[in-house]
Each structure stands twice: as structure tokens, then as C-alpha cells.
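Asks: Questions regarding the structure given below will be posed in turn.
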Amino acid sequence: MSAPADDKKEKVHNTSHLAVVSGMSGSGKTIALRALEDLDYYCVDNLPAALLPAFVAAATVGQPGVHPRLAVGIDVRNRYEDLQRVPAILAELARQGIEHELIFLDTRDDVLFKRYSDTRRRHPLSADGLSLNDAIALERKRLQPVMSIADRVIDTSELNVHQLRRLIATELGMAGGPLSLMFESFAYKRGVPADADFVFDARCLPNPHWDARLRPLSGRDAGVREWLETKPEVAQYLKQVGDFLDVWLPRFEADNRSYVTICIGCTGGRHRSVYLAERLAEHFRATREQVMTFHRELE
């Protein structure tokens, strides 16, 4: 008569890590999830909290190795009663053997107000007829049960997009593990990124900008990629930079470095640098797990 207990034992989860990302609207949750996606997390944004156990089960039960790392975004668009249940839901997942980590992104009210003013985005609670100040205050109240159990609270008030992506990688236990790589494209006219470890100048390469058909596109688009791949000097540049990094990155790893940022710049930061950053990331993803890209001028 012990069949129900036996059935419960057969429900084996095969995920090694679940990251739950929550926080104030405008604090960078979407950026954080993109960073996790680059680190090979299977990500779902704005998941109803009540569906979290079902999502974990659907992604992991009976599927060993398919989705070893999951990430979900839970925000104030959830029903208030579901946000209050988040601690109990995570406790139940822990009881089932699911390793999880809750990261809460916070930002000062004055910074949030400025971000909304600059982007002219609507706050998720503004549909209730609230002023922006009142909406932010209500959001803090509704998210308090989630913030109170967070494993890590990250204040993003003084962080730019790139710094937040880098912090997410290190805050999720990447430091001390395999070397994490960030390939960042940028425009020289806006300056070299301050936290670059390596900088490569691609302004000497043929520029798709002068082709009117390609000008509106970016280095991620097929047309630009195909155009650049017809240029022998682009292939030579890519190979030599890749060979250089293949030789020297293991030296950084041996020196206990956990994170290296490789920046590739061109004039406008949209075509050549983006293409090279993506191709180099593809190259290193073949042998490394923790490889991210960030295109400063496309964000």
C-alpha cells in the first residue's frame, strides 16, 4: 500500500541549478536574464510564481542533461497572493532536492524615477491610475516577501548594463570556477570600455557601413555576416585574434583569474566589431561553458 510514496520517489529532477531573478521594475532584470542565457541557462521571463514547480518539473523530470541550469524572472506583474507564496514555493522545491538561488535587483527610488523619465516607459502598476512615485512605493511593498528571502540583493543604482552583466556572472558562483569570457563590441567614437582586459581595433577592416543596403543592419544580421566573410583580411584578422586568445587566456586562468573582458571596437560599433565579437564567442563556446557577448551600441 506504499505506492504513492514510491511514485513520489520516482520523480527525479535532473537540474543542477535554478536561478530566480526578481526585483524592482527598471532595475535590470531583463539584462540579468540575458546574461544568464549567454551562460547557457534556460530562461523564462515573467513566469507566474504559481507555475514555478510545474515549470521546473516540465524542464527537468525524466530529461537528464537537457536543461541543467534554469532561470526564471518573477516580478510585480504576478498576483499579490502568488508573490506572498514565493517563500513556500521555493521551500518545497528545496525539499525536492532542487538547488536554487534567489537574486533580487534593487535600485534607489530617485534612480528608478530618472530611468522611467529617460525611457518614457510605463510602470507595470501605472495602469491602476497611480503616479510613478506611488507605483514604485506599492511595488516595494508587494515584493517585500520575495526580497526578504533573497540570497543576494544587488543594488544596480550605480551600475551600467555591462557592469550588471559582469556582476551577475560572478555573483552566481562563477568566480573560482572556469574562466568566464565577455566579448564586447563598441564604437571608438564613444570611448573604450573602462573595464576592458584586451582591446582589438577593427577599424582597419572593410566597412559595411558604406554599402547602403547593409548600413541599417548590424553584425548579427546575415547580410552583414555574408559580406564580411567574403573579405580575406577579415578572416585573417579573426584567425589571428582567435589564435592569440587561445594561447594567452589559459595563462590568465592559471593565474586564478575568473573573468576576462575582450573588447573589439570599430567606428560605429554596429558592423565589424559586432560580427567579430559574435564569431569569437562562437569559437570559444566550442570549448568553454561561460562565454557572453555584449554589444554596447546596440543595447
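The values are calculated or read from the model by the stated rules, or taken from the named source; none is laboratory data. Keep in mind it's a predicted model, so treat the numbers as computed, not measured. Heads up, the Cβs are rebuilt from the backbone with ideal geometry, glycines too, and the neighbour counts pull from every protein chain shown.
Asks: I'd like the residue in the range 112-132 that is assigned to a helix (DSSP H, G or I) and small (Gly, Ala, Ser) and, out of all such residues, is farthest from Val260 (Cα to Cα).
Replies: Ala127
A quick yes/no check of all residues on (1) under 25 Å from Gln163 (Cα atoms); (2) surrounded by fewer than 21 Cβ atoms within 10 Å (Cβ to Cβ):
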position: Asn207; (1), (2): no, yes
position: Leu214; (1), (2): no, yes
position: Ala222; (1), (2): no, yes
position: Arg225; (1), (2): no, yes
position: Thr230; (1), (2): no, yes
position: Leu249; (1), (2): yes, yes
position: Val260; (1), (2): yes, yes
position: Tyr275; (1), (2): yes, no
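Asks: Do any residues in the range 275-299 that are under 11 Å from Cys263 (Cα atoms) have Cβ atoms under 9 Å from those of residues that are of a type in the set (Asp, Glu) and surrounded by 21 or more Cβ atoms within 10 Å (Cβ to Cβ), where the two are at least six apart or on different chains, and which pairs are they?
Replies: Pairs that qualify, where the first residue is under 11 Å from Cys263 (Cα atoms) and the partner is of a type in the set (Asp, Glu) and surrounded by 21 or more Cβ atoms within 10 Å (Cβ to Cβ), are Ala277/Glu184; Thr293/Asp38; Thr293/Glu184; Phe294/Asp38; Phe294/Glu184; His295/Glu184; Arg296/Glu184.
Yes or no, residue by residue, for (1) farther than 19 Å from Ala150 by Cβ; (2) touching a residue at least 40 places away in the same chain (Cβ under 8 Å):
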site: Val76; (1), (2): no, yes
site: Gly97; (1), (2): yes, yes
site: Leu112; (1), (2): no, yes
site: Gly129; (1), (2): yes, no
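Asks: Which numbered condition trips up Gly177, out of (1) surrounded by fewer than 20 Cβ atoms within 10 Å (Cβ to Cβ); (2) modelled with pLDDT of 95 or more?
Replies: Condition (2) is where Gly177 drops out.
Asks: I would also like to ask the following. Please state which of the following conditions Phe294 fails to meet, knowing it meets all the rest: (1) modelled with pLDDT of 95 or more; (2) within 21 Å of Asp38 (Cα to Cα); (3) outside any loop (DSSP other than H, G, I, E, B).
Replies: Against the list (1) modelled with pLDDT of 95 or more; (2) within 21 Å of Asp38 (Cα to Cα); (3) outside any loop (DSSP other than H, G, I, E, B), Phe294 comes up short only on (1).
Asks: Out of the residues in the range 106-127 meeting the condition of being hydrophobic (A, V, I, L, M, F, W, C) and closer than 16 Å to Leu138 by Cα, tell me which one is surrounded by the most Cβ atoms within 10 Å (Cβ to Cβ).
Replies: Leu112
Asks: Is there any pair with a first residue in the range 205-221 that is modelled with pLDDT of 95 or more and a second that is charged (D, E, K, R) and surrounded by fewer than 15 Cβ atoms within 10 Å (Cβ to Cβ) whose Cβ atoms are under 8 Å apart and which are 6 or more apart or on different chains, and what are they?
Replies: Hits for this filter: Leu205/Lys231; Leu205/Glu233; Pro206/Lys231; Pro206/Glu233; Pro208/Arg215; His209/Arg215.
Asks: Looking at Tyr259, Tyr237, Tyr275, can you tell me which residue is touching a Gly at 6+ places or on another chain (Cβ under 6 Å) and of a type in the set (Phe, Trp, Tyr)?
Replies: After ruling out the rest, the residue left standing is Tyr275.
Asks: Among strands (runs of 3 or more DSSP E) lying entirely in the range 133-224, which contain 3 or more residues that are over 30 Å from Gln84 (Cβ atoms) and of a type outside the set (Phe, Trp, Tyr)?
Replies: Because the criterion is at least 3 residues that are over 30 Å from Gln84 (Cβ atoms) and of a type outside the set (Phe, Trp, Tyr), the strands (runs of 3 or more DSSP E) in the range 133-224 that meet it are 180-187.
Asks: Let me ask you something else. Select the helices (runs of 4 or more DSSP H) contained entirely in the range 1-85, then report the ones holding at least 1 residues which are among the hydroxyl-bearing types (Ser, Thr, Tyr) and at pLDDT 80 or above.
Replies: Result: 29-38.
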